[in-house]
Structure formats: C-alpha cells, structure tokens
2 protein chains.
Amino acid sequence: MSAPLRILVTGGAGFIGCHLCEKLVASGHRVVALDNLLLGRRENLAALAGNELFSLVVGDATDPATLDAIFADGVDSVFHLAANSDIAKSHAEPATDRVLTFDTTFTVLDAMRRHGTRGIVFASTSAVYGEEQGMLAEDHGPLLPISHYGAAKLASEAFIASFVANYGMQAWICRFPNVVGDRSTHGAIYDFVRKLKATPGRLDVLGDGSQIKPYLHADDLVDAILLAWNRFDAPVNLFNVGGITRCSVARMAQIVVEESGGPAEIVYGGGDRGWIGDVPQVAFDISRIASLGWSPRLDSEAAVRAAARWGFEAQA
Amino acid sequence: MSAPLRILVTGGAGFIGCHLCEKLVASGHRVVALDNLLLGRRENLAALAGNELFSLVVGDATDPATLDAIFADGVDSVFHLAANSDIAKSHAEPATDRVLTFDTTFTVLDAMRRHGTRGIVFASTSAVYGEEQGMLAEDHGPLLPISHYGAAKLASEAFIASFVANYGMQAWICRFPNVVGDRSTHGAIYDFVRKLKATPGRLDVLGDGSQIKPYLHADDLVDAILLAWNRFDAPVNLFNVGGITRCSVARMAQIVVEESGGPAEIVYGGGDRGWIGDVPQVAFDISRIASLGWSPRLDSEAAVRAAARWGFEAQA
C-alpha cells in the first residue's frame, strides 16, 4: 500500500461516502469528511467517532472558504462524492443537480488548483449513458443523459478532464451503477422497506416492475474504487463499475417482501419506468475494472437481499 | 421554409451570431439578439440597424430576469451562441468558461422550461473531443476535453440532453470547427492581422507552425446550421460541421502575410501548440451534415484568405 495520505472525502457522511471513509481509515490514511448533512447522516460515521485519523466537517462543497480551510492543512487527494443522489427529485427543480452535483465538482476542482492538490477520484454514474442500448463500455458515445443527475455528472467529468489537462492533475472517474447496501439514504429498496414498515401487507411499486438493472453492494463498489486508484495510472482513468447479473424491480419487490418476514401484496403502478429520467434497461461493460482482478462478492439479487435485510434491522 | 418565428439569438452581436442574425432576418424571422458586448460588437449588426424584424438587448444570458423579459413576449426558438470564445484566456481563470460558456446555457435552458419554449440550436465545439485522434464522428467517445472551453460546451450538451428528455424540448447541437471570416473578434488570423498592422515586416507566431486543422468560413457554417435545423428532426440532433481540406498555422501565416500586401519575416515561438488547451491535429467526420447536401463553398485555405482580406480592409 502507498504511504498514508491526508484525504478529503466530500459527501463523506453519505451512503457510499461512509463506507469509503471507513476503508480509507482502515488503510491508515487521515480522512476529512465534508458533508452538508442534507442526505448524509452523522450516524453513518458512528464507527469512526473518536478515531484520531478521522474528522467530519459539516459544510457545503460549493463554498470556497470551507474548502480553503480544509486544504490549508494539506490535502493529498480528494474523493469527490458529494452530489444530489435523489435522481427523481430534480425534474421539478433542475437547479438542484446543477448546484449540488455540478457546482460542487467545479468548486472542489478550483480549490485543488489553488492549493496544488493533484489527485481526484470522482463518483460518476452510469446515467451519463442516457438511454443508449447494448453493452456500454467507457468509450461509448454519444453521451446524452436523460436525467439532470446524469447531466451534472457528465458536466463534472468534462471539467475534471480539462483541469487534469491544464494543471497536471490526475483523475479516476468511476461510473457507478445502482448501488445498494447498509446505510443507504434513498433508492427503491429504501423506499420499499419504508413503505412496508408503514403499511405491512401491501407494497405499492412505481412502474410495472419490468425495469431490470445490475445492482452492486456498496462494499464491492468501494473495493473497486480503491483498487483502480492504486493500479490505474493514466492522467484520466475512466472506468465503469457494475454488478454482475441483473435484478428486475419485480424480483426486488419479492425479495424485500421476503426479508420483511411477512406476506404482502405487491401492487404495480404501470408504465416502463418509475419516474422521468429513469432508464428502464441497463447493461455495462466492466471488463476494464475486471482486468485488475476485481469482481463483486455479491451478485445483484444477493446485494438487494443484503440491503433489504439491513433495512428491516436498522433503517430509520 | 417554415412560418416566420420569433427567435432569440444569444451572443447575437458576436462573430458567428451576427452572420446568423442576418440570415434569420433575411428568411423573414423576427430576431432578438442578446449580447453583453464583452466580445460582441454593435457594429457587427450595422446591416440590421433600423430593420423592424430585429432588435438587440444588451445584457447577460446568465441573468434570469433579462431572459424572462425577452421570453415574456414569446420566443419560439433559441439559438444559443453566447460563450467565452477566447479558449487561451481561461487557463488562468477557469471560472470564465464556467460562467460565460456553461452558466449561460443552463440559465437559458431553465428560462425555456419556465416559458415553454421547445427548440434550442446550440453552438458546441470540436473541442469536446479533446485530443482523440482519427476521424471523429458524432458518436465518438470518450469525451475528455483538454480546454475549459471544451469542458463547458460538453457540460452544456449534457444539460441540453436532460432538458430535452425532461420537458419535451428539441435540440440541434452543432459541433463547430475553427471558424473564420469577416467580423471575427479573436483567433489566430485576427491576431496575425493585428500584429502585422502594428509591426509591418515581422510576424511572431506562437508554436512551431505545425498545427494543422480544418477552417470553415462563417457563411458556410451558418448555412449548415440552418439546413440541419430545417431537416433533422430527432429530439436531440447532434452533428459535426467542419471545413474541407486543412490548413497549417505556417500556411495560414503565409496567407496572412500575402494579404497584407508586403513582405514579412515569420518568426516561430516553438512547441507543437500555441497555448495550453490547444489541440494540434484535428479531423472530423462531417458525413452526417454532408448527407443533407451541404458542403462548404470555401475550402480551408480560401476561408483563411477571405478572413485575412477582411482583416486588412476592416479590422479595428
């Protein structure tokens, strides 16, 4: 492993951020998590409380002064995860993703430029591919996202590339699939668990249940990110990460009902997608990250089941 | 031709905008040009002064209130050209392209959403392709721009795609090459003319003169844009426009010296590019726009020569 670094994790109290912070600290790095706690939660970081390698700064990644204060103590690398992760929400208010998902990236990049920080690992998304069909590899084009979330992530990738070229930075851009697991703050499984806790015996599902996607457990995702960060060495390292096998929304609903412990009627709303901006069928080419020896320990159904089990045990 | 429309042209007093406004008005459309006159010039629009189909609003496309006032009178379509077109400038201040090239796009899109305007024609750029080699078609990937200008244009494309998907808009995204011609406000020919007027007999050229690119005359570009707008009909219509043949910077310097009327020594600065973010070799696949019957009337050298001739006759 490389020498211990001081690492900034934006969105560090969020669903994926908290898993990442734990693994970075376990590797001996000093970690500062920056989170505005809009979607992130202090309790996600409970395992790191009191650890001298870890600190949480509550603030906005869009605020240059907040970033300057963190960078003033020296930051070797940034893992930039802060974003609006609620894709469905921004249809009515597109500025949400523009500010929380794009402006955060630009502001972080500009702070790195001012302070001479070179490395950035970026949480991008399969949503950059829009509705393109087939096995989508990293060099696929055109990129016409159908959600503002995907647009803001693609806009972020664009400026990461230009900052790398202009200021000698180095970037690892990881395009995430649907990620599930413990400490999730949103998403279909989260919603299903919440609904079944509120109304046992009945589960209302948006869409007709036919959407079929790969799901990846957060632990497997974080392993992939850290492996790529240690092993890929181009100026811009772009890689898909995805789940193996796929799981339909209908099967996900069955699994969540099974994990709830009781029977429930599943009622579908109809239509081939859950919300505007939802992509009904997705498949990714993950051969690049697989070439490093990575493969997920949990397939899509197992990841969904693990996330549902956590939901009934611990979800607030 | 379609029925007369009320059209907003952002950046309408700029180099390409003024050519576009003239052709739209000549086709019978009502045109409102919005320009902050940072790079655009009132005198570029001299031919339209007093024309009742035309008006100029001096203001920023990043100001929602300015846009609301224009849209309140009804806007059928937007041609969004407003941008920082000085690629070299933004290395030292990346916020320039973020504000003038990206924020303008987002603010215009959001105004269209609020006012129910469906059509947007967008001036994108070959710079979205970064340093990729080979014949670059519209579906090329990955897109890793090396200039903030290219990044801000790609970021704009991303949100255009998501606004189209979310609000039933329709877009024509035209990726421009190097464009030259009369009323240019910047660029290599512009600089060469300015230098030779200031110091006849000597022309200092950035780089080693080996960069070789296609150049397109603004008149040919505007014809391509209007043809595509009338003939392509997908939700998002993405097309390259490019010059035929290519011209090296060394040959461009020769042509400009020839058009200056007197001999001059050409002195090269060295290096394979003129500035950080400059792409030394570019070739585009323009078969999509060519499939409509378009081809430029002027090849690259003829376009450069026409631009240089205008420079010595009229450039301020």
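Each reported figure results from applying straightforward, stated rules to the coordinates on display, with no laboratory input. Predicted model, so just to flag it, every value in this text is computed and none were measured. Ideal geometry is used to build each Cβ from the backbone, glycine not excepted, and the neighbour counts take in all protein chains shown.
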With equal scatterers on the alpha carbons only and no solvent term, can you work out the Debye log10 of I(q)/I(0) for region B:97-249 at 0.13, 0.21 1/Å? -0.69, -1.46
Other-copy label distances relative to residue B:200, 7 angstrom Cα-Cβ extension, nm: 9.6
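If I take all pairs of Cα atoms in region B:181-297, what percentage of them are more than 21 Å from each other?
Details: 3245 of 6786 pairs.
Distances greater than 21 Å cover 48 percent of the Cα pairs.
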Rounded, prolate or oblate, given the Cα gyration tensor of region B:1-124, with a/c below 1.5 counting as rounded? oblate
Cα radius of gyration and Dmax for region B:119-185 (Å): 13.1, 39
Largest first, please: the extent of the C-alpha atoms of chain A along each principal axis, to the nearest Å. 56, 46, 41
Each label point is 7 Å from the Cα along the Cα-to-Cβ direction; what then is the distance between the points at residue A:210 and residue B:41, in nm? 5.9
Spherically averaged projected area of the protein assembly as shown from its Cα convex hull (nm²): 28.8
Among the complete DSSP H segments of chain A, which ones combine at least 24 Å of alpha-carbon extent along their axis with a mean Kyte-Doolittle hydropathy of -0.5 or more? A:148-167
Size of region B:86-140 as Cα extents on the principal axes (Å, biggest first): 41, 31, 13
Test item: Cα-centred dipole of region A:130-240, Lys/Arg +1 and Asp/Glu -1 on Cβ, debye: 440
Under the classification rounded if a/c is under 1.5, otherwise prolate if a/b is larger than b/c and oblate if not, where does region B:41-90 fall, given a ≥ b ≥ c as square roots of the Cα gyration tensor eigenvalues? oblate
Tell me the GluC sites (Glu not before Pro) within region B:75-139 that lie in a loop according to DSSP and have at most 14 other beta-carbon atoms within 10 Å. B:131
Rounded to the nearest 0.05, FRET efficiency between residue B:27 and residue B:292 (Cβ-Cβ, R0 22 Å) equals 0.85
What relative contact order, as a whole-number percentage, does chain B give when Cα pairs under 8 Å and 6 or more residues apart are counted? 18
Computed FRET value (nearest 0.05) for residue A:72 with residue A:186, which takes r as the C-beta separation and R₀ as 51 Å: 0.95
With x for Gly and Pro, the residue-by-residue ³J(HN,Hα) of region A:205-214, computed from phi through the Karplus equation 6.51 cos²θ - 1.76 cosθ + 1.60 at θ = phi - 60° and given in whole Hz, is 10, 5, x, 9, x, 7, 4, 10, 9, x
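Stokes-Einstein D for region A:166-250 at 20 °C, 1.002 mPa s, Kirkwood Rh over Cα pairs, in µm²/s?
141
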Compute the label-point distances linking residue A:76 to its equivalents in the other copies; points lie 7 Å from Cα along Cα→Cβ; give nm, one decimal, shortest first. 6.2
Given labels modelled 7 Å from the Cα in the Cβ direction, how far is it in nm from residue B:266 to residue A:55? 5.8
Can you list, shortest first and in nm, the gaps between the label point of residue B:65 and those of its counterparts in the other copies, using a point 7 Å from Cα in the C-beta direction? 2.5
At R0 = 22 Å the Cβ-Cβ FRET efficiency linking residue A:202 and residue A:86, nearest 0.05, sits at 0.40
